[in-house]
Amino acid sequence: MIMGQAPEIKKIAFLGDYLPRKCGIATFTHDLCQAVSTEYPQVDSFVAPVNDQAEGYAYPAEVRFEFSENDLDSYIRTAEYLNFSDTDVVCLQHEYGIFGGPAGSFILALLRDLKIPVVTTLHTVLEKPTAEQGRVLSELTVLSARLVVMSERGRRILLDLYGVPEKKIDLIPHGIPDMPFVDSNFLKDQFEVEGKQVLLTFGLLSPNKGIEYVLRALPEVVKSFPNLVYIILGATHPNLVRDHGEVYRLGLERLAQELGIKRHVSFYNRFVELDELKDFLGVADLYITPYLNQAQSTSGTLAYAFGSGKAVISTPYWHAQELLDEGRGVLVPFADSDAIAREIIALLQDDKRRHGMRKTAYVMGREMIWAKTAHRYMESFERARRYPTSQPIRRLGVRTLDEKRLELPALRLDHLIRMSDSTGLFQHAIYSLPDFAHGYCTDDNARALIAMVLLEELESDLPELHRLAETYASFMQYAFDPVVGRFRNFMSFDRRWLETSGSEDSQGRALWALGTCVGRSKRGDLQSWAAQLFERALPALLDTTSPRAWAFALLGIYEYCRLLSGDRMAAQVRDVLTQRLIDLFEANASDDWPWLEDTVSYANARLPQVLILGGRWANNPRAFEIGLKSLRWLVGLQKAPSGHFRPVGSGGFYQRHGKAALFDQQPIEAQATIAACLEAYRSTNDAYWHEEARVAFEWFLGRNDLGVSLYDPKTGACCDGLHVDRVNQNKGAESTLAYLISLSEMKLLENDLKAFKKPIVPEPANAPLSALECLS
């Protein structure tokens with residue numbers, strides 16, 4: 001280091017995932033850490049990896065702290081560890097898919113709490129990010145002292161799209177091992193392919209790699225080169241194996257059989273170490289990357305192959321365009337087997353051209369070896385120490401209570417599982433025991449499905465999540481009567497429907513659940529099912545007269561429009577129902593009664609909630625004004641003199657010019673108030689609404705008229721309400737789900753605030769008019 005330019009760097013923490021996890025980023029983090037350690041042995045280089053499995057990995061000694069992908073609190077603990085570890089610089093490897101939260105936003109909570117300058121390597125820089133991806137990257141650019149990109153295209157995107165100052169960006173090519181320049185024939189006998197032409201693709205297998213297009217090219221190639229062998233090296237991506245097994249690899253093997261090229265194709269289904277990889281690269285005459293994603297800004301496999309002196313054929317994704325420009329390789333169109341075949345034949349027939357490419361690539365690759373990459377990173381670390389961030393680095397200090405986020409209880413599904421069987425969710429309980437006598441209902445199964453989707457959005461690792469979601473969805477499917485386009489509601493324990501058509505509210509709740517599946521679920525099959533049923537059930541809502549049914553349906557429409565905002569029918573129903581609620585307010589409200597009806601009854605806050613949503617998402621300023629005004633009045637009405645939440649009781653409700661019933665207080669009132677206040681907070685960023693949501697949630701925890709907690713922390717169950725003299729000890733589906741959904745919504749907001757400091761305001765996506773076309 002040059003004296004006077006920066007303090008001496010003594011300790012560096014590397015964050016990302018790490019070997020032995022099978023992931024390209026893990027390999028990169030490992031290789032970079034090892035390169036820095038080798039080139040700067042006086043520096044203490046250690047690793048804090050993110051785990052994607054509860055049991056973690058058998059890490060090497062340089063790993064000193066671990067955190068869990070989907071546990072936000074563990075990110076905060078990691079920041080605290082680093083702050084007190086006397087670390088000089090944090091080197092973060094960023095890829096959206098390895099961190100928890102929407103678009104990997106949990107990592108922002110860690111960075112926000114760090115008191116150490118951060119150098120962030122961006123492995124993916126998208127020209128057309130989703131709203132969530134764009135917001136995460138924008139925050140990263142602020143929280144990082146330096147940003148490292150591996151391609152000029154990535155640098156230009158940061159400058160033009162994100163407005164990052166040019167002086168904050170370092171362009172450092174992907175590092176590669178220092179491999180000798182060898183003749184492929186020298187190693188072919190080790191692989192028993194002497195006298196054959198060898199093509200190679202390596203890396204974790206997944207459908208976006210485009211290998212099938214190379215296979216379809218081979219029948220034409222082997223006509224000219226009957227001794228050709230195509231080696232496909234690498235294990236199937238672990239996430240793909242976990243979700244779908246080896247379907248993709250087996251499909252490639254079947255394709256090779258159908259094309260009659262089995263003897264020309266060799267699969268090596270394993271994650272190879274560097275020494276073995278060098279041998280495979282050495283034996284290859286041509287390297288092929290047929291990837292299908294144009295926006296791939298870096299490829300470690302391409303860098304390795306190019307730097308080892310291979311002639312490369314590639315599709316024109318961004319990294320390949322830059323690396324193989326000016327004749328340093330061959331670019332072919334995406335998904336074009338004829339072009340791949342033509343270029344393979346041409347290169348194998350032209351030894352002079354092929355060897356010229358190899359030499360050019362190898363010479364250029366000498367600038368990419370890990371030793372030189374380590375020096376470039378150390379220069380970036382030094383700059384980060386001199387100019388930490390646009391914000392001053394905070395000193396270590398004590399965090400007072402007003403600086404801490406709300407500590408929320410852990411999620412537990414024990415009671416919900418107890419209340420569910422293979423048919424669905426039971427309505428009622430006698431104490432904690434399911435009450436078979438009252439059977440099931442669509443209302444509660446719809447609520448339960450909403451809860452499962454929210455838990456999925458929280459990226460919960462609860463093992464029963466998918467099974468329960470499928471059970472509740474199946475119940476709703478069976479409840480729908482396609483003849484009348486409506487849902488039945490009540491079913492007896494012996495699976496007999498007790499009515500031909502359910503209440504209007506049950507229709508609205510069913511649509512709410514379906515819309516939530518479409519807009520929030522990460523499971524494509526569940527989204528497709530829900531979109532189809534939503535379209536079939538929606539028209540009947542226009543014939544209803546219940547304002548609560550309209551509100552529940554509107555909640556479903558807005559959830560649905562997160563993904564499918566172009567659906568005209570949904571927009572038309574939304575506008576009609578919203579206007580009906582506005583008309584109710586105009587007909588009933590006065591200065592001292594700013595409410596939509598003459599009675600404040602049940603699920604009250606849902607009415608202003610959907611009007612606030614209508615103002616923000618449907619650009620309806622009158623709806624927004626009414627929603628905020630009526631919600632503020634309702635919140636004041638539900639506030640006890642001591643400041644705790646006191647909902648209008650179901651034992652009489654609140655008639656205009658009358659007196660509000662104090663009991664029986666129902667959990668659905670707390671749930672509705674929490675949701676409405678959270679929506680008001682997202683829409684206004686007014687901390688008043690966040691605090692009121694918190695007050696309403698604490699009603700469950702014992703901040704209520706009786707000073708008694710309604711929820712059971714051991715099981716996640718919730719009592720059915722507060723009587724004047726006691727808690728109702730029955731723990732039915734409605735109350736338990738009111739608590740679970742409220743807890744999930746509070747956790748989602750708290751996660752956003754830990755990452756962003758401001759609530760995320762979701763925007764509906766642009767989508768085709770037909771939901772079925774979009775999701776099929």
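Using R₀ = 41 Å, calculate the FRET efficiency as 1/(1 + (r/R₀)^6) where r is the Cβ-Cβ separation of GLN655 and GLU459; round to 0.05.
Taking R0 as 41 Å, the efficiency between GLN655 and GLU459 is 0.35.
Highest mean first, what order results for 726-739, 211-224, 508-521 on Cβ atoms within 10 Å?
Taking the mean over residues of other Cβ atoms within 10 Å, the ranking is 508-521, 726-739, 211-224.
At what distance in angstrom do the alpha carbon centres of segment 443-501 and segment 345-367 lie from each other?
Using only Cα atoms to place each centre, the spacing works out to 61 Å.
Just to check I understand the Karplus step: with θ = phi - 60° and J = 6.51 cos²θ - 1.76 cosθ + 1.60, what whole-Hz values come out for segment 218-231, glycine and proline as x?
5, x, 6, 5, 6, 5, 8, 10, x, 9, 6, 10, 10, 9
When the helix-only estimate is applied to the chain (DSSP H runs of n ≥ 4, each -39,500 (n - 2.57), divided by the residue count), what is the mean residue ellipticity at 222 nm, nearest 500 deg cm²/dmol?
It lands at -14500 deg cm²/dmol.
Taking N as the number of residues in segment 303-361, what is its alpha-carbon radius of gyration divided by 2.2 N^0.38 Å?
1.05
Under a crude label model (7 Å from the Cα following the beta-carbon direction), how far is GLU276 from ASN239 in nanometres?
That separation, rounded to one decimal, is 2.4 nm.
Under a 1.4 Å probe, what is the accessible area of the chain per residue, stated in Å²?
40 Å²
Using 7 Å Cα-to-Cβ label points, what is the ARG386/LEU706 separation (nm, one decimal)?
Rounded to a tenth, the inter-label distance reads 6.7 nm.
Per residue of segment 40-46, in order, report the coupling 6.51 cos²θ - 1.76 cosθ + 1.60 (Karplus, θ = phi - 60°) as ³J(HN,Hα) in whole Hz, putting x for Gly and Pro.
10, x, 6, 8, 7, 9, 9
What residue among PHE585, ALA661, THR442 has its Cα farthest toward the positive end of the dipole of the chain, where the charges are +1 on Lys, Arg and -1 on Asp, Glu, each on the Cβ?
Ranked along the dipole, the leading option is PHE585.
Determine, from the Cβ-Cβ distance of PHE267 and ILE417 and an R0 of 35 Å, the FRET efficiency 1/(1 + (r/R0)^6), rounded to the nearest 0.05.
According to the calculation, E is roughly 0.25.
Note down the magnitude of the dipole of segment 436-540 about its Cα centre, charges +1 on Lys and Arg C-beta and -1 on Asp and Glu C-beta and zero elsewhere, to the nearest 20 debye.
About 240 debye.
In terms of modelled amide H atoms, which long-range or inter-chain residues lie less than 5 Å from the amide H of PHE202?
Distant-sequence amide H within range of PHE202: LEU233.
Under the √(5λ) rule applied to the eigenvalues of the Cα gyration tensor, what semi-axes describe the equivalent ellipsoid of segment 229-323? Give them in Å, descending.
Ellipsoid half-lengths, sorted descending, are 22, 17, 15 Å.
Taking 0.36 nm per intervening residue step and subtracting the Cα-Cα distance, what contour gain separates ASP494 from SER85 on full extension?
141.0 nm
Collect residues whose amide H, placed 1.01 Å from N in the peptide plane, falls under 5 Å from the amide H of GLY721; neighbours closer than 5 in sequence don't count.
Correct list: ASN728.
Between VAL483 and ASP686, what length in nm is gained on full extension when 0.36 nm per residue of separation is reduced by their alpha carbon distance?
Full extension of this stretch gives 68.4 nm more.
Separation of segment 281-337 and segment 628-658 by C-alpha centroid, Å?
66 Å
Counting Lys and Arg as +1 and Asp and Glu as -1, each charge on the Cβ, what is the dipole of the chain about the Cα centre in debye, to the nearest 20?
So the magnitude is around 1080 debye.
Would you please give the residues with an amide H less than 5 Å from that of LEU92, counting only those at least 5 places away or on a separate chain, with H modeled from the backbone geometry?
Hits under the 5 Å cutoff: LEU15, VAL119, THR120, THR121.
Can you classify segment 591-702 as rounded, prolate or oblate using the Cα gyration tensor, where a ≥ b ≥ c are the square roots of its eigenvalues, rounded means a/c under 1.5, and otherwise it's prolate if a/b beats b/c and oblate if not?
Because a/c hits 1.5 or more and a/b fails to exceed b/c, segment 591-702 counts as oblate.
Over the Cα atoms of the chain, compute the convex hull volume and normalise it per residue, giving Å³.
Dividing the Cα hull volume of the chain by its residues yields 178 Å³.
Which length gain, in nm to one decimal place, applies between LYS115 and GLU192 when the Cα-Cα distance is subtracted from 0.36 nm times their residue separation?
22.1 nm
Using a 1.4 Å probe on the protein heavy atoms, what percent of the accessible area of the chain belongs to carbon and sulfur?
Carbon plus sulfur share of accessible area: 51 percent.
Which three numbers, in whole Å and largest first, are the semi-axes of the equivalent ellipsoid of segment 133-179 derived from its Cα gyration tensor as √(5λ)?
22, 11, 10
For ASP183 and VAL576, what is the calculated FRET efficiency with R₀ set at 60 Å and r taken between the beta-carbons, to the nearest 0.05?
Working from the Cβ atoms, E equals 0.20.
Any idea how far the Cα center of segment 407-423 sits from the one of segment 43-117, in Å?
30 Å
Quick check on segment 622-759: take the gyration tensor over C-alpha atoms, sort the square-rooted eigenvalues as a ≥ b ≥ c, and tell me if it's rounded (a/c under 1.5), prolate or oblate.
In terms of gyration-tensor shape, oblate.
Once a ≥ b ≥ c are taken as the square roots of the eigenvalues of the Cα gyration tensor of segment 1-87, is the result rounded (a/c under 1.5), prolate (a/b larger than b/c) or oblate (a/b not larger than b/c)?
Judged from the Cα gyration tensor, segment 1-87 comes out oblate (a/c at least 1.5, b/c at or above a/b).
Pop a pseudo-label 7 angstrom from the Cα along the beta-carbon direction at both MET364 and LYS167 and give the gap in nm to one decimal.
Label at MET364, label at LYS167, 3.1 nm between them.
Got a sec? Which residues in segment 543-566 would a label at LEU637 touch, if it sits 7 Å along Cα→Cβ and we count backbone N under 16 Å?
What the label zone holds, given the 16 Å backbone N cut-off, is 547-548.
Tell me, what are the semi-axes, in whole angstrom and largest first, of the equivalent ellipsoid of segment 657-737 as set by the roots of 5 times the Cα gyration tensor eigenvalues?
Semi-axes, largest first: 23, 16, 11 Å.
Spelling out what I want: for every residue of segment 649-656, take phi, set θ = phi - 60°, compute 6.51 cos²θ - 1.76 cosθ + 1.60 (Karplus), and round to whole Hz; glycine and proline get x.
Whole-Hz 3J(HN,Hα) from phi for segment 649-656: x, 7, x, x, 6, 9, 7, 4.
So for segment 200-347, taking the charge dipole from beta-carbon charges (+1 Lys/Arg, -1 Asp/Glu), which of LEU323, PHE225, LEU274 sits furthest toward the positive end?
Selected residue: PHE225.
The values are calculated or read from the model by the stated rules, or taken from the named source; none is laboratory data. Computed from a predicted model, the values in this text were never measured in an experiment. For neighbour counting, all protein chains shown are included, and Cβ atoms are generated from backbone atoms with ideal geometry for every residue, glycine included. Ligands, DNA and RNA are stripped out before the accessible areas are found, and what is left, the full protein with its side chains, is counted by its heavy atoms. Shrake-Rupley method; radii C 1.70, N 1.55, O 1.52, S 1.80 Å.
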